[in-house]
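Participant: Sending over a structure as C-alpha cells; questions will come in a sec.
Since every read-out is calculated from the coordinates, none of them should be taken as a lab result. Keep in mind that this is a model prediction, so the values were computed, not measured. Cβ placement follows ideal geometry from the backbone for every residue including glycine, while neighbour counts extend to all protein chains displayed.
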Amino acid sequence: MTDQPALRARGARVAPLSFAQERLWLVDAAAPGSPLYNVPLYFRWNGTVDVDALRFALLAVMARHEVLRTTYAVVDGDRVQVVGEPRIRVAVVDHDPATEARRAFDLATEPPVRCAVWRGLSTDSTDSADSADSADSADDTVLLTIHHIAVDGWSLPTLVADLDAAYDAVLAGRDSTLPAPSIQYADFAAWDRETFDPDLLAGRAAELADVPSGLRLGGARTGPDAALGTNTGAWHQFPIAAETRAAVDELARAVRATPFVVFLAVYAEVLSRWSGREEFLVGAVTANRTRVETEDLVGFFVNTVPLRCAAKGRTFAQRCAQLRGEAFRSMTYQRVPYDRLAAALPGRGLVEVGFALQNMPAPSSTRWSAPEVLPTGTAKWDVLLVLEDTPDGSGAMFGTLEFDLGRYPAELGGRLAADYTALLDHVLSAPEAPLADFALPYGPLASPEPLARPGIPDTEPDTHELTGHEKRAAGLFREVLAEIGARVADLGRNSNFFMLGGHSLLAMTMVERAARHHGIAVRPSDFLAEPTVARLGALLAAGERGPDTGHTTTQSEPTEPRPATSTQQRFWFLDRIPELRSAYLVPTIVDFPAGVGVDRLRAAIDTVLARHPMLRARFRLDRKLRCVVYTTDAEPARATVTDARGWDAPKLDDHIAELCWTPFDLARETPVRAEIVLLPDSARLVLCAHHMVVDGASVRVLLDEIGAVTEGRALAEPVPAAESRPEADADELVTALRGAPTDVWLPRDHPRGDAQAIEGTTRSITLSPDTSATLRAVAAETGASTFLAAAAVLAVTLARRGDQRDFLFAFPWSGRDDACAVGMFVNTLILRVDLRGDPTWRQLLDRVRAAAAATYRAADVSFDAVVAALHPERDLSRPPITPVYVAAGDDTWRPPLGGRQLPLDPVAVKYELELTATETAAGLDISIAYQVDLFDEATITSLLAEFDAATTALVTDPEAPAGEEKPS
Amino acid sequence: MTTLDHVREAWAEALDITTDDVPLDVSFFDAGGNSLLLLLLWERLTEHTTRDLKAADLFQHSTVLAQSEFLDADDEPVAAAAAPQASRSGLLGRARRDG
C-alpha cells in the first residue's frame, strides 16, 4: 500500500480538472467551436423511438453520472468543473446526421451531451436479412453526441448499458433512477491532482529526452502550413478477420507478450519503413483507469503514453520481446500527464503518431444495434490507428486510421492500412523469419525526408523594426519560452511561437499573462490562428482601449481584469452623466482631538488604504466583453496633510467641499482620497471614495481600522471584495411589483428639470420616546421592523396629501456576508406599499412585511433587471422606478480615537426624497434629505410634522383605518 | 456614409446585431439596449460629431432616426463648459449660500 490520499467520494459541486480534462479544455479553449473532440454515437433503433421516454432515460443517466451534467469555468484563474442538474432536449430533426455530429459544444454553458432523433432514417437492412419487409419499414436512428471531456472508449459499455436499463424502466413505467456509483468523476479529478508525482514526470522526461521526435512518414506535406497540421481529418476503416485475431492471441502467448504488443510491433515496423527511422516514439492511448473504483465510471480518463520503438532484432519475435519490456515499463508511467511531459521536453514535439487498442466494445441490445462512432471530419493526431473488437462477439476486429489531411494526402489511409494488414498476416504465419525479407505491398507515398536537426528554427531574418506592441509581444514570447528553457535570442515579426518550442498550453499561459500585464484580453484562438510576434502585437494593439497615459506606476500585485458587479456597472454609467456623478461619491468627515498624533494617524491611513484591493481599482469599459472590468494592481492612495490653521471659514468650507465632491477619473485615478486638515482645535479627516468601491459599512470598517493601527493594534487579513454574481431570476419579484406606478407624487414646489439634480439638504425630527417605543412594539407584533413601519407611515403621509394609493420605494440591502469586507456590496431593492382597500394600520404593517419578505427573497436580482422589466422607458429627469428612497440608519457606531463624525451639508442626493429612520436613545430619528431644486424647506418641515402626526395616529389605534376615507 | 449609416452601425455594434436588423423608429432600450450599451453607443457616436454630444441626449433622442436628425441638426456649437466642473461648482455655490 502507498500513502497516497484516498480516492473517495467528496460530494463537491465544484472540483479541479483532472489532467486529462485539462488537456481537452485547453484544446477547446484554444480553438472554440471545433468538433475535434466530439464523440457522436449513432444508434440504429429497432423500430420507433419513444422520444419522451428517451429523454427521461437520458436524464436518469445524467443524474447517475455527474460528469455528463458538468460545465467548465475559470474561477480566480483556476480551471474548474461545476456539477449542475441534468438537462437535455431530445429533438426529432431532419437535417443531416453528419452536420449534427459536427456541431461544437460550449463547455462553459451547456452540458456535454446532446441527442437528436431521426424518423425512419435507417434503411440499412443488413442486420435483418431474414425479415423480408424490413426494407419497407425503415427504423429510427438516434445520435447521442458527447464531448470527449465527459466520455472515453472505456466508458461506453457502462453508458450504453445504463441507457438501456433506464429506457426499459421508463417504458415499463418503473422507477428509472439508477443506483449512484461509489465515486464520481470529480472525485477522481481531485485525487488525480493530489497524487500527481513530479518525480515520476522528471524521470520519464529524462528517459525520453534523447529520442528524436518529429516522426514524418514519406509523402508528408512540408512547408509552414503543414507545420502545425490543420486537424481536418479523414478516416480509413478496415477489417481484421477473426482467424487473424486468434492467431495474434496465440503468437502473443508464444512470445510471452500481450496482443497489444503484437499489434503495436506490427505498426512500429510499418512506421519504421514508411519513415526511414529506426527509433521513434509512438503515443499509446491508455485507459488510465488504474484504480478499481474508476472501472465502471463514465468520464475521460485516457492518457497518452509515449512508447519508445526501436527497429532492433531481426525477427518479429525478437521485436516483440524488445517492445514487451518497453510496454511494461510504460505502464508504470501511465499516470504521467501527457501535457506535463510535453512541457517538460520543450523545444520539440513529443509524439505525432498514435495507437489505441480498444477492447471493450459498447454492447448492443434488443432495442438497438451497437452504436457506431461517426466521423467528425477531424484528426487529433497526424496519424492514429485504433483497433477495436467488433461488438458482435465474433472475435473479428476492425481498424480505423484517422489522419490529418493538412499533413498527409487522402490516399495515405488505404495504403497504410493495406501495408499494416499484409505485415500482420505475414508475421503470423512466420514469426521467426527475418523481417527484412518481407516487402510491403505499397510502402511510403514518397521517399521519407531525412530527419531534420531539431531545435533550429527556420526563420528568415527580420529587418523590420518592431512596433511598440510587437515589442510587448516579443517580451511575452521571451518570458514564457524562458520558463520551458527555450533560449530565444533575436525575435522578429515573423518569429513563430511553435517553431521556437512553444506549445498550446504555453500559449494559453502567455495569453493569460497578456491580460494580467497589459489588461488586454486576447482570444487564444485569434493568436493560435497565426502564432507570430506580429500577430500577437496586432492583437494587443486591437485589444487596447486608447493609449496608456502612463498614470500607472509600479505594479505591486498584478491581477487579471475582473468583471464589475451589476451595481458597479450601473454606477459606472451614472459617472458618465455629468449632472449625477458627484452623487456617487461617499465622503465622510471626522474631527479628531488635536492631540491625536498626526504622523501616526497619517501612517495608519496609508496602511489601511493600501490593504484593500478595491481601493486600488481602475475601471474601464471593455468593448469586446461588453462589460465594465477592473484591475487592482495600481499604487494605493496616500493621505495628505494640509495646515488650515490660518484659514477663514469660507476658504475652509470650499476646501472641504472640494475634497468631498470632486469626481474621480475612474479609469486612471485611485478611487479614494484622504486628507488630514489641521485646524486650531482638531485634526479633521476628510475621507472620500467612489461608491463603486465602498458602501457605508465599508467606510466604518476603514475608520475602525485606522483607529486600530494608530493605536498599534494588529489587523486581521483583509476580506476579499465582492464578486460579480450571476443574474438571479427576476420574474417573481417583477410580478409582485408590476402594476404599481413607477413614479411617486410628491408635494413639489418646483417642476422637474430635464436632468435630475443632486444638490440636497437634510431636515429631521425625533419622535417622542413614547411614540417611538409603541411604534416599535406594534410593528414587532406583525413581524415588521421599525424601518418598515416608517416606510408605511411615509406612504400614508403622502396619500393624505395626494391621490396616490400604491407606492414603490427604493431601499438598500447590505448584500454583504462579512462585516469587515471593504467594497460595494449594497443592492438597491424595491418595496411596494399598497394602501388600496382601506387597510387598518395593523393590516398595512402586515402587507408591508409580506412585501418586504418577497423583495428580500429576490435580493440578488439586480436593480438594473428590475428597471428593465418595470420602467424600461426611463429618462434622465429623475431616478428610475421611484424618486423616493427609504433606509434604516445606524446610531450605534462611533468613530475611533475619540473622533466625532460631522454631518454633511450640503449633501448629494440620488433620489428626490430620501428618508432615513434611525433608532437613537432619544427616540426614533426621522431625517429627510431632499432635492433643493424641487422642494422648499417649509414643505419638508410640514411633511415631517405630518409624518409625526400619522405615527401618533398609528400608535394610538392600530386597528383604525390608516388612510383618510375617500370615496372610491 | 451618411449620418444615418453611422448611427445604424453604432447601434449594430452596441446591440451586437447586423446593421440590417437595426430598427429605425424603436427606442434603444426597447431594441434590447441597456444603460451600459448606451455608453458604447455614445462613445461611437461622439466619434462622428463635432457637437458636444451628451449621453443624456441619447435618452431624449432615443431612436435611430431621432439620433440621426439630432446629430445632423445644424445647432450652434455648444460652449465647451466642462460639465463635471459645472456640477461641482453648483454644489460649492450652494454650500456657500447655505453656510
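Participant: Using a 7 Å offset from the Cα along the Cα-to-Cβ direction at both A:Asp654 and A:Ala777, what is the distance between the two label points in nm, to one decimal?
Facilitator: About 5.6 nm separates the two model spin labels.
Participant: Can you pull the percent of Cα pairs in the range A:653-764 with separation above 16 Å?
Facilitator: 79
Participant: Going toward the positive end of the dipole of the range A:631-744, with +1 on Lys and Arg Cβ and -1 on Asp and Glu Cβ, which of A:Ile656, A:Val677, A:His691 do you reach last?
Facilitator: Sorting the options by dipole projection puts first A:Val677.
Participant: Okay, moving on. So if R0 is 35 Å, what FRET efficiency would A:Lys471 and A:Glu207 give, r being the distance between their Cβ atoms, rounded to the nearest 0.05?
Facilitator: 0.35
Participant: Determine, from the Cβ-Cβ distance of A:Ala418 and A:Ala91 and an R0 of 41 Å, the FRET efficiency 1/(1 + (r/R0)^6), rounded to the nearest 0.05. Don't skip to the end; give the middle numbers.
Facilitator: On the way: r = 41 Å, r/R0 = 1.01.
For R0 = 41 Å, the calculated efficiency reads 0.50.
Participant: So what is the relative contact order of chain A, in percent, for Cα pairs below 8 Å that sit 6 or more residues apart?
Facilitator: Over chain A, the number comes to 10 percent.
Participant: May I ask you to evaluate 6.51 cos²θ - 1.76 cosθ + 1.60, the Karplus curve with θ = phi - 60°, for each residue of the range A:302-313 and list the ³J(HN,Hα) values in order in whole Hz, giving x for glycine and proline?
Facilitator: 4, 10, 9, 10, x, 10, 7, 10, 10, 7, 10, x
Participant: Separate question: What is the fewest-to-most order of A:Thr761, A:Thr710 by other Cβ atoms lying within 10 Å of their Cβ?
Facilitator: Neighbour counts put them in this order, fewest first: A:Thr761, A:Thr710.
Participant: Which value at 222 nm does chain A reach when only helices count, each DSSP H run of 4 or more adding -39,500 (n - 2.57), with the total divided by all residues and rounded to the nearest 500 deg cm²/dmol?
Facilitator: Calculated mean residue ellipticity at 222 nm is -10500 deg cm²/dmol.
Participant: Assigning unit charges at the beta carbon (Lys, Arg +1; Asp, Glu -1) and nothing else, what dipole magnitude in debye, to the nearest 20, does the range A:14-191 show about its Cα centre?
Facilitator: Result for the range A:14-191 is approximately 520 debye, rounded to the nearest 20.
Participant: Could you calculate the FRET efficiency of A:Ser182 with A:Asp936 from 1/(1 + (r/R0)^6), where r is the beta carbon distance between them and R0 is 45 Å, rounded to 0.05?
Facilitator: About 0.05, to the nearest 0.05.
Participant: Next question, about the same structure. Looking at the range A:872-968, which chymotrypsin sites (Phe, Trp or Tyr not before Pro) are DSSP coil and have at most 16 other C-beta atoms within 10 Å of their C-beta? Walk me through the intermediate numbers first.
Facilitator: Numbers: sites: A:Tyr885, A:Trp893, A:Tyr911, A:Tyr930, A:Phe935, A:Phe947; in loops: A:Trp893, A:Tyr911, A:Phe935.
Here the chymotrypsin sites (Phe, Trp or Tyr not before Pro) that fit, given the DSSP loop and packing criteria, are A:Trp893.
Participant: Moving to a separate point now. Work out how much length A:Leu902 to A:Trp813 would gain on full extension: take 0.36 nm times their residue separation and subtract the Cα-Cα distance, in nm to one decimal.
Facilitator: Full extension of this stretch gives 29.6 nm more.
Participant: Amide H of A:Trp368: which non-local residues (sequence gap of 5 or more, or other chain) have their own amide H closer than 5 Å, using H built in the peptide plane?
Facilitator: A:Asn46
Participant: May I ask you to evaluate 6.51 cos²θ - 1.76 cosθ + 1.60, the Karplus curve with θ = phi - 60°, for each residue of the range A:37-54 and list the ³J(HN,Hα) values in order in whole Hz, giving x for glycine and proline?
Facilitator: Each residue's phi maps through the Karplus curve to give 10, 6, 10, x, 9, 9, 9, 8, 7, 8, x, 9, 7, 8, 4, 4, 5, 4 Hz.
Participant: Is there a quick way to get the dipole size of the protein assembly as shown? I mean about its Cα centre, with the Cβ of Lys and Arg at +1 and of Asp and Glu at -1; what is the value in debye to the nearest 20?
Facilitator: That gives the protein assembly as shown a dipole magnitude of about 2340 debye.
Participant: Can you compute 3J(HN,Hα) from phi for each residue in the range A:839-852, using the Karplus curve 6.51 cos²θ - 1.76 cosθ + 1.60 with θ = phi - 60°, rounded to whole Hz and x for Gly and Pro?
Facilitator: So the J values, rounded to whole Hz, are x, 6, 4, 5, 4, 5, 4, 5, 4, 5, 4, 5, 5, 5.
Participant: Run the paramagnetic zone check for A:Asp249: 7 angstrom along Cα to Cβ, then residues of the range A:372-399 with backbone nitrogen under 11 Å.
Facilitator: Those under the cut-off are A:394-396.
Participant: Looking only at GluC sites (Glu not before Pro) in DSSP loops with at most 16 other Cβ atoms within 10 Å, what is the longest site-free stretch of chain A?
Facilitator: Value returned for the longest uninterrupted segment is A:1-277.
Participant: Next up: Based only on other Cβ atoms within 10 Å, what is the fewest-to-most ordering of A:Val693, A:Val113, A:Val261, A:Val80?
Facilitator: Exposure proxy ranking, most exposed first: A:Val80, A:Val113, A:Val261, A:Val693.
Participant: A further question follows. In nm, to one decimal, how far is the modelled label at B:Glu47 from the one at A:Thr315, with both set 7 Å along Cα→Cβ?
Facilitator: Between B:Glu47 and A:Thr315, the label points sit 7.7 nm apart.
Participant: Let me ask something else about it. Suppose the chain between A:Asp643 and A:Asp168 were pulled fully straight at 0.36 nm per residue; how much longer would it get relative to their current alpha carbon spacing?
Facilitator: Working: separation 475, 0.36 × 475 = 171.00 nm, distance 8.54 nm.
Result for the pair: 162.5 nm of gain on full extension.
Participant: Over the range A:329-376, how many percent of alpha carbon pairs lie in each 5 Å bin up to the one with the longest distance?
Facilitator: 5, 13, 13, 20, 10, 12, 12, 8, 5, 2, 0
Participant: Same structure again: Among A:Leu24, A:Ala63, A:Val113, whose Cα lies farthest out toward the positive end of the dipole of the range A:14-191, if unit charges sit on the beta carbon of Lys, Arg (+1) and Asp, Glu (-1)?
Facilitator: With unit charges placed on the Cβ atoms, the residue in question is A:Leu24.
Participant: Right, something else. What is the ratio of the Cα radius of gyration of the range A:566-710 to 2.2 N^0.38 Å, where N is its residue count, to two decimals? Display every interim value, and only then the final one.
Facilitator: Details: Rg = 16.0 Å, N = 145, 2.2 N^0.38 = 14.6 Å.
Here the answer is 1.10, to two decimals.
Participant: Let me ask something else about it. Counting every Cα pair in the range A:874-932, what percent are over 19 Å apart?
Facilitator: 44
Participant: Other chains' Cβ within 10 Å of A:576-583 residues: what's the mean?
Facilitator: Mean partner shielding for this stretch: 6.
Participant: Test of understanding: what is the full-extension gain from A:Cys820 to A:Ala73, defined as 0.36 nm times their sequence separation minus their Cα-Cα distance?
Facilitator: 266.1 nm
Participant: Along the charge dipole of the protein assembly as shown, which of A:Ala534, A:Ala430, A:Val93 sits closest to the positive end, that is, farthest toward it, with unit charges on the beta carbon of Lys, Arg, Asp and Glu (+1, +1, -1, -1)?
Facilitator: So the residue we want is A:Ala430.
Participant: Taking other Cβ within 10 Å of each residue's Cβ, how do A:Asp78, A:Asp864, A:Asp106, A:Asp50 sort, fewest first?
Facilitator: A:Asp78, A:Asp106, A:Asp50, A:Asp864
Participant: Do the alpha carbons of any pairs in A:Lys624/B:Lys54; A:Lys380/A:Lys471; A:Lys471/A:Lys624 sit beyond 26 Å of each other, and which pairs?
Facilitator: Details: A:Lys624/B:Lys54 23 Å; A:Lys380/A:Lys471 33 Å; A:Lys471/A:Lys624 23 Å.
A:Lys380/A:Lys471, as the Cα separations exceed 26 Å there.
Participant: Counting DSSP beta bridges with both partners in the range A:314-404, what percentage is antiparallel, nearest 5?
Facilitator: Beta bridges within the range A:314-404, antiparallel portion: roughly 55 percent.
Participant: Also, I was wondering about something else. Please work out the Cα center distance from the range A:11-88 to the range A:172-209, rounded to the nearest Å.
Facilitator: Using only Cα atoms to place each centre, the spacing works out to 16 Å.
Participant: Quick one: divide the alpha-carbon radius of gyration of the protein assembly as shown by 2.2 N^0.38 Å and tell me what you get.
Facilitator: 1.16
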